[in-house]
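A.B. asks: Here you go, one structure.
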Amino acid sequence: MSAAAIPSCQIIEAHAPTLISNILTLAWRELRDALRARSFLLYSLAFLALGLGVSYVSAAGTGSLGLSGFGRTTAGLINIVLLVVPLMALTTGASAIASDRERGMLLFLLAQPVSRLEVVLGKFLGLSGALIACITLGLGACSLVLAWQGGATEPRTMLWLAGLSVLLALSMLSVGMLISALARKASVAVGTGVFLWLALVFVTDLGLMAGTLALRLPVKTLFLLTLSNPLQAFKMWALHSIDASIDVLGPAGLYAMDTYHDALPWMFGASMAAWIVLPLVAAALIFRTRSPV
């Protein structure tokens, strides 16, 4: 039978095991290298230390002794996640492709029987595993210490916060890989990732406040702009999931609660999913056309 006579579905089925095998092999390589890196240990220790510090301060602020007040601690951990997880994911993703290109490893890797799509997906999957391990270690250790000290732990709330933190990490990792696909040097890619982190964490809030005052933006426009920021979408979703009122975010929060109360989780999920998928697809398309050197 000629190749033209073979149905396309049989060709896909024949190549599927090889595709999955290559992706998993590359993912395991990235995961192993990431876990061996000092940055993984430093990020994990920093995340754990900050989480325990927030727990102690939250408990001390209410006049209690030791590590307690898990509900207040959860609100504090949201701010810690907003600072540490995006920086960790952006810098990790930004160096994924650019560092291999700069060292000449990318040319060697593409000389193997793997496609560029497999390289991108393998790197993303492996680095995702490393980020999930870091988040699990930080939040898990914090929960264990709180429980050991007799805090009123709520496993469901902590698991939900961990899941949202993973979504935030994946979205920022996807953006970081897009930066890495565009940059030729790892230093430029990581620097761009840090600058973007600063913009998302600090400049965006100030910009929205200044724009609202100067341009008199309608509250609906303000909410949509807030929803377009993955960090703000995570923050609103996390506050909504722990039964806290998101009106603490100002007019945008009040508008969201009054207008989209039941649909808010779907809107937050769609925003986070878009930030995971779209930058990753763009990174794959750009990497497909860029020179490996």
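Readers should treat all values here as calculations from the given coordinates under stated rules, not as data from a laboratory. Everything quoted here is computed from the prediction, not taken from an experiment. Cβ coordinates were reconstructed from backbone atoms using ideal geometry, including for glycine residues, and neighbour counts include every protein chain displayed.
A.B. asks: Given 0.36 nm per residue, what is the gain on full extension from residue 187 to residue 37 after removing their alpha carbon distance, in nm?
C.D. replies: Working it through step by step, the gained length comes to 52.3 nm.
A.B. asks: Evaluate the distance, in nm, between pseudo-label points positioned 7 Å from the Cα of residue 224 and of residue 156 along their respective Cα→Cβ axes.
C.D. replies: For residue 224 paired with residue 156, the spin-label model returns 3.5 nm.
A.B. asks: On the principal axes of its Cα set, how long, how wide and how thick is region 85-148? Give whole Å, largest value first.
C.D. replies: In descending order, the Cα extents are 52, 21, 14 Å.
A.B. asks: Within region 87-101, what residues put their amide N at less than 16 Å from the label point 7 Å along the Cα-to-Cβ vector of residue 289?
C.D. replies: Under cut-off, by backbone N: nothing.
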